[in-house]
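Trainee: Encoded as structure tokens, here's the structure I'll be asking about.
The values are calculated or read from the model by the stated rules, or taken from the named source; none is laboratory data. Here the structure is a predicted model, which means the values were calculated and not measured. Quick reminder, even Gly has a Cβ in these numbers, built from the backbone with ideal geometry, and neighbours come from all protein chains shown. Only protein heavy atoms, including side chains, enter the accessible area calculation; ligands, DNA and RNA are left aside. Shrake-Rupley method; radii C 1.70, N 1.55, O 1.52, S 1.80 Å.
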Amino acid sequence: MSKQTNPTVQPRVATQQVLGQAGRRGPFRYGERVQVTDSKGRKHTFVLDPGGFFQSQRGSFYHRDVVGRDEGTVITTESGHELLLLRPLLADYVLSMPRGAQVVYPKDAGQVVAFADIFPGARVLEAGVGSGALTMSLLSAIGEEGHLLSIERRQDFAAIAASNVDAWFGRHHPAWELRTGDFADVVAAHVADASVDRVVLDMLAPWENITAAARALVPGGVFLAYVATVPQLSRTVEALRQSGCFTEPESWESAVRGWHVDGLAVRPDHRMVAHTGFLVSARRLAADSAPLTRKRPPARGAYDDAGYWTQQDVGERTSTDRKVRRVLRDCRAKQPEDATPVEPGLPGPQEQEYE
């Protein structure tokens, strides 16, 4: 799909010359995103606007009173409350940005970047873009000299992700290509054999695309999948083994628990984000090599190969079409002048765009 512009929707944010946080040094300026934190730890994020006014239970101020101040400034409102002004970090932005699908939490995105060894200049293939949370971490890691091809089945989710990613970097990231369609079809049409360093899948049934991922990966390349449930984990691991194209898969999950530290009152926090998902990784073998012989034979298992998996099958929360349309409308209203186009994965008639 060619890039389309809507003459009735004017970009709210000008194109940023330097990508991401590197272009946001120095005092606050109009068009930048600011995070306000009160003494209770509550956070509010907004974009500085010449006519803007911030209001909360802890006080209010005009945006013009913030412009020109240094990051890390603490201001006192007329009601006597203190507010801390900072630019949001990527982890803050991911948890507060508009979303059409569930996001990959920062703790998992960090594991993906580290254990998949996403390096500057890497050629990465990503599927299951969702709201763009993991995409931003991948783009930050590969830099402007790398290349990231992101594939999303739903055109409306892809449009929301494009808006979120553009808003974070301030413009279209030159290393990013976003296409819609089924993973195997898009890879067959746009990815040459053995041309990708890393494959990262965040989808319901990654085992269905292991053959396509193996074809795209260079020898020694890393395959990494993010899955939510034990059945998905089991099927992905067994499919990697049965393919004969990968090393023995490794599987794990990560849990991050905050601590309350106040003098001698040191204890774990009462609340935490416990299970979010499992990670599965394996390395691509050379074309003329077979996996190492396992010391123990695999356990016999039974799988139901009959049906197509849906979000409801794995208990994943889904957004209503009405909510997705509302989020998409809000995202389009704040697109930068240099917005990322959502390209079709295959030529021919495409899914009708959501209005």
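Trainee: If I go through region 52-76 residue by residue, how many of them are part of a loop (DSSP other than H, G, I, E, B), under 25 Å from R25 (Cα atoms) and open to solvent by less than 70 Å² (accessible area, probe 1.4 Å)?
Mentor: 5
Trainee: Now a separate question. Keeping to region 200-222, report how many residues are surrounded by fewer than 22 Cβ atoms within 10 Å (Cβ to Cβ) and touching a Gly at 6+ places or on another chain (Cβ under 7 Å).
Mentor: Count: 1.
Trainee: What are the residues in region 232-279 that are among the hydrophobic types (A, V, I, L, M, F, W, C), in contact with a helix residue (DSSP H, G or I) (Cβ under 6 Å, 6 or more places away or on another chain) and at pLDDT below 95, if any?
Mentor: Across region 232-279, the qualifying residue is only V256.
Trainee: Restrict the check to region 101-120 and report whether at least one residue is outside the structural domain of F54 (by the TED database), touching a strand residue (DSSP E or B) at 6+ places or on another chain (Cβ under 8 Å) and at pLDDT below 95.
Mentor: Within region 101-120 (the criterion being outside the structural domain of F54 (by the TED database), touching a strand residue (DSSP E or B) at 6+ places or on another chain (Cβ under 8 Å) and at pLDDT below 95), the answer is yes, since at least one residue qualifies.
Trainee: Return the residues of region 275-288 that are closer than 28 Å to A212 by Cα and part of a loop (DSSP other than H, G, I, E, B); say none if nothing qualifies.
Mentor: Correct list: T276, G277, L285, A286, A287, D288.
Trainee: Can you tell me which residue is nearest to S131 (Cα to Cα) among those in region 324-352 that are at pLDDT below 80 and loosely packed, with under 13 Cβ neighbours inside 10 Å?
Mentor: Of everything passing the filter in region 324-352, Q352 is nearest to S131 (Cα to Cα).
Trainee: In region 249-280, which residue that is in contact with a Lys or Arg (Cβ under 7 Å, 6 or more places away or on another chain), in contact (Cβ under 8 Å) with a residue 12 or more places away in the chain and open to solvent by 50 Å² or more (accessible area, probe 1.4 Å) is nearest to T293 (Cα to Cα)?
Mentor: Looking at residues that are in contact with a Lys or Arg (Cβ under 7 Å, 6 or more places away or on another chain), in contact (Cβ under 8 Å) with a residue 12 or more places away in the chain and open to solvent by 50 Å² or more (accessible area, probe 1.4 Å), I get V256.
Trainee: Restricting to region 186-209, name every residue that is over 21 Å from the mean Cα position of the chain (by Cα) and either in a helix (DSSP H, G or I) or not small (G, A, S) (or both).
Mentor: If the condition is that a residue be over 21 Å from the mean Cα position of the chain (by Cα) and either in a helix (DSSP H, G or I) or not small (G, A, S) (or both), then A188, A189, H190, V191, D193, E208 are the ones that fit.
Residue by residue, here is whether (1) of a type in the set (V, I, T); (2) part of a helix (DSSP H, G or I); (3) without any contact (Cβ under 8 Å) to a residue 24 or more places away in the chain holds:
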| position | (1), (2), (3) |
| --- | --- |
| Q102 | no, no, no |
| V124 | yes, no, no |
| V129 | yes, no, no |
| N164 | no, yes, no |
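Trainee: Continuing with the same structure: When you look at D166, is it open to solvent by 10 Å² or more (accessible area, probe 1.4 Å) and at pLDDT 95 or above, yes or no?
Mentor: Criteria not met by D166.
Trainee: Within region 233-274, work out how many residues are assigned to a loop (DSSP other than H, G, I, E, B) and of a type in the set (S, T, Y).
Mentor: Of the residues in region 233-274, 2 are assigned to a loop (DSSP other than H, G, I, E, B) and of a type in the set (S, T, Y).
Trainee: Restricting to region 39-51, what's the tally of residues that are of a type in the set (S, T, N, Q) and surrounded by fewer than 10 Cβ atoms within 10 Å (Cβ to Cβ)?
Mentor: Within region 39-51, residues that are of a type in the set (S, T, N, Q) and surrounded by fewer than 10 Cβ atoms within 10 Å (Cβ to Cβ) number 0.
Here is a yes/no grid of residues against (1) buried (at least 24 other Cβ atoms within 10 Å of the Cβ); (2) under 25 Å from R235 (Cβ atoms):
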position: V129; (1), (2): yes, yes
position: S140; (1), (2): no, no
position: F157; (1), (2): yes, yes
position: I160; (1), (2): yes, no
position: H172; (1), (2): no, no
position: R179; (1), (2): no, no
position: A184; (1), (2): no, yes
position: A189; (1), (2): no, no
position: R198; (1), (2): yes, yes
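Trainee: Checking the structure you have, find out if any residue of region 85-94 is assigned to a loop (DSSP other than H, G, I, E, B) and within 30 Å of D321 (Cα to Cα).
Mentor: Yes, because at least one residue in region 85-94 is assigned to a loop (DSSP other than H, G, I, E, B) and within 30 Å of D321 (Cα to Cα).
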